[in-house]
Amino acid sequence: MISVENVSKSFTLHNQGAAVIPVMAGASLQVEAGECVALVGASGAGKSTLMRMIYGNYLTASGRIMVGDLDVVSAVPRQIIQLRRTTLGYVSQFLRVVPRVSTLDVVAEPLLATGSDRDTAIASAKVLLSRLNIPERLWQLSPTTFSGGEQQRVNIARGFAYPYPALLLDEPTASLDPTNRATVLTMIEEAKARGVAIIGIFHDHAARDAICDRQFDVTQFTPGLAA
Amino acid sequence: MTPLLQVEDVAKFYGHRIGCTDVSFDLYPGEVMGIVGESGSGKSTLLNCLAGHLTPDRGAVRFDTRADGMRDTITMSEPERRMLSRTDWAFVHQHARDGLRMNVSAGGNVGERLMAVNARHYGDIRDKAIDWLGRVEITSDRIDDRPTQFSGGMQQRLQIARNLVTGPRLVFMDEPTGGLDVSVQARLLDLLRGLVREMNLSAIIVTHDLAVVRLLADRLMVMKDGHVIETGLTDQVLDDPQHAYTQLLVSSVLQV
């Protein structure tokens, strides 16, 4: 489902003496449907960078990244937008939403964007928010004022609202209490069972060992870091 | 899928000075493109060339018309272009008073655009005006008030209702949230996002506010000194800018 082939990436900082910082070289990774792969490596090794390259958020200098039958590296913006709408979901660490939009609408948006009618989308959003223990009295409020753990659960609800065949998870359990953490792990297990290909970053090692089928160490592809 | 708008090598000069030059891009149905750059970068000149307010010195601006398919809007006759700007196109000005008739009631402002496309039945026009005022959150008891009696945010929402009532397919926006305070901005952004999605609108938004484009635009074009220096997916250009100027622009945004 996801195939990363010999990709490389560097950052050129034009305003800091045009410093060129190579961050990745020759990385390859295959993830099949129903498989969950954890990206591992020290902080700064390039886990998030690789994830952002797969999502099309960072440009890739060379190589191919196939998600389904689209090469993200050479795709034009509207192809990536379509890919993100229907194929590739992303749960980031941080919630970024339009201010003053209700939590229900934030969670329902991926469904509305793919043509669900409003009642169906809102109904699905309610099921997800209940499951993730967001109190009903908060549903009409904007999540921008929520606690860190609540925001993260809203982000997860939003990321799981549409049944994407591929998912990227950046620290999905980082600031959750044990009950909610267990719920999120169950949701990830269910997604795997549905055949979703998942790539995740987990600093929560117990969670990682529980749900990931294998680990992929990005350090070996970090220029200047590899042994 | 055919593009809704095809821009090819557009250039506009003011004497020997460059307004904008070498601009080419395709815009597809449902796509929202942001144009950012500092004052004097040529972004408003470009928008006005695309919308038919200025005649470019070079290039083609082709629009997929309902009747005849792709037509160059620069070489078409003035009446044809005016018809487009009343039907399939809309233009939201930064200052609502440039896009509204200030001495005509709110309902009249919305109705006038309908009459320009030959709506004649008074009851229908009024019903449609009330419906659209509702969609932009102006209550029906304000329909007979003039825009001069509205707040800045309300005027801007009225301008949007006036523009969208004829069901355009392409909306040009020049700093649509400029000059509004942030809480009003947020509500307007949410309104615009909803309308873009529901009506499958394509839009070109000129702004200097990177937060606005991040929330509204799918794609981004960065301009400097009349040239397009970087284009791409909005979040990619903002999170992984390639050009020195874009890097400077992104790193200059104050963190709240």
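Summary of values
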{"quantity": "FRET efficiency for A:N15 and B:T55, using Cβ-Cβ distance with R0 set to 60 Å, rounded to 0.05", "calculated": "0.95"}
{"quantity": "Interface burial for A against B (accessible surface, 1.4 Å probe, total of both chains, Å², rounded to 100)", "calculated": "2200"}
{"quantity": "Nonlocal amide H pairs with A:Y162, under 5 Å, H built at 1.01 Å", "calculated": "none"}
{"quantity": "Along each principal axis, Cα extent of the stretch A:97-161, largest first, Å", "calculated": "31, 24, 19"}
{"quantity": "A:R64 paired with A:L141, simple spin-label distance in nm, labels 7 Å along Cα-to-beta-carbon", "calculated": "5.0"}
{"quantity": "Value at 222 nm in deg cm²/dmol, rounded to 500, when DSSP H runs of n ≥ 4 in chain A each add -39,500 (n - 2.57)", "calculated": "-11000 deg cm²/dmol"}
{"quantity": "Percentage of interatomic Cα-Cα distances in the protein assembly as shown larger than 42 Å", "calculated": "22"}
{"quantity": "Antiparallel bridges, percent of DSSP beta bridges restricted to chain B (to nearest 5)", "calculated": "55"}
{"quantity": "Principal-axis tilt of helix B:122-135 within chain B, Cα atoms, nearest 10 degrees", "calculated": "50"}
{"quantity": "Angle between chain B longest axis and helix B:182-199 axis [Cα atoms, degrees, rounded to 10]", "calculated": "80"}
{"quantity": "Length-normalised contact order of chain A in % [C-alpha pairs under 8 Å, at least 6 apart]", "calculated": "31"}
{"quantity": "Share antiparallel - DSSP beta bridges, the protein assembly as shown, percent rounded to 5", "calculated": "55"}
{"quantity": "Over the stretch A:83-147, relative contact order from alpha-carbon pairs under 8 Å, at least 6 apart, %", "calculated": "44"}
{"quantity": "Whole-percent pair-distance distribution, where bins are 10 Å wide, for the alpha carbons of the stretch A:125-227", "calculated": "13, 44, 29, 12, 3, 0"}
{"quantity": "Longest site-free stretch - chain B; sites: trypsin sites (Lys or Arg not before Pro), DSSP loop, at most 12 other Cβ within 10 Å", "calculated": "B:121-256"}
{"quantity": "Gain upon complete extension [B:H16, B:N118; 0.36 nm per residue less C-alpha separation]", "calculated": "32.4 nm"}
{"quantity": "Estimated distance in nm for a label pair at B:S251 and A:D204, the labels positioned 7 Å out from Cα along Cα-to-Cβ", "calculated": "3.6"}
{"quantity": "Degrees between helix A:118-131 axis and first principal axis of chain A (Cα, 0 to 90, nearest 10)", "calculated": "80"}
{"quantity": "Separation of alpha-carbon centers, the stretch A:124-199 and the stretch B:190-250, rounded to whole Å", "calculated": "29"}
{"quantity": "In Hz, Karplus ³J(HN,Hα) per residue of the stretch B:17-23 (6.51, -1.76, 1.60; θ = phi - 60°; x = Gly, Pro)", "calculated": "7, 7, x, 8, 8, 6, 9"}
{"quantity": "Separation of alpha-carbon centers, the stretch B:124-157 and the stretch A:1-48, rounded to whole Å", "calculated": "51"}
{"quantity": "Highest average packing first - B:105-112, A:26-33, Cβ atoms within 10 Å", "calculated": "B:105-112, A:26-33"}
{"quantity": "A:V72, B:V117, ranked by accessible area, largest first (probe 1.4 Å)", "calculated": "B:V117, A:V72"}
{"quantity": "Accessible solvent surface per residue of chain A, calculated while the other protein chains remain in place, 1.4 angstrom probe, Å²", "calculated": "43"}
{"quantity": "At least 20 Å² of accessible area lost relative to the chain alone, listed for the stretch A:91-127 with a 1.4 Å probe", "calculated": "A:R96, A:V98, A:P99, A:R100, A:V101, A:E109, A:L112"}
{"quantity": "Cα-based shape type of chain B, given that a ≥ b ≥ c are square roots of the gyration tensor eigenvalues and the cut on a/c is 1.5", "calculated": "oblate"}
{"quantity": "Fraction of accessible area attributable to carbon and sulfur, the protein assembly as shown (%, probe 1.4 Å)", "calculated": "50"}
{"quantity": "222 nm mean residue ellipticity, helices alone, for chain B (DSSP H n ≥ 4; -39,500 (n - 2.57); rounded to 500)", "calculated": "-11000 deg cm²/dmol"}
{"quantity": "DSSP bridge orientation in chain A - percent antiparallel, rounded to nearest 5", "calculated": "50"}
{"quantity": "Total lysine pairs under 30 Å (Cα atoms) in the protein assembly as shown, excluding pairs fewer than 8 apart on one chain", "calculated": "8"}
{"quantity": "Average accessible surface area per residue within the stretch B:50-151, 1.4 Å rolling probe, Å²", "calculated": "54"}
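The values are calculated or read from the model by the stated rules, or taken from the named source; none is laboratory data. The structure presented is a predicted model; accordingly, all values stated were derived computationally and were not measured. Quick reminder, even Gly has a Cβ in these numbers, built from the backbone with ideal geometry, and neighbours come from all protein chains shown. Accessible surface areas use protein heavy atoms only, side chains included; no ligands, DNA or RNA. Shrake-Rupley method; radii C 1.70, N 1.55, O 1.52, S 1.80 Å.
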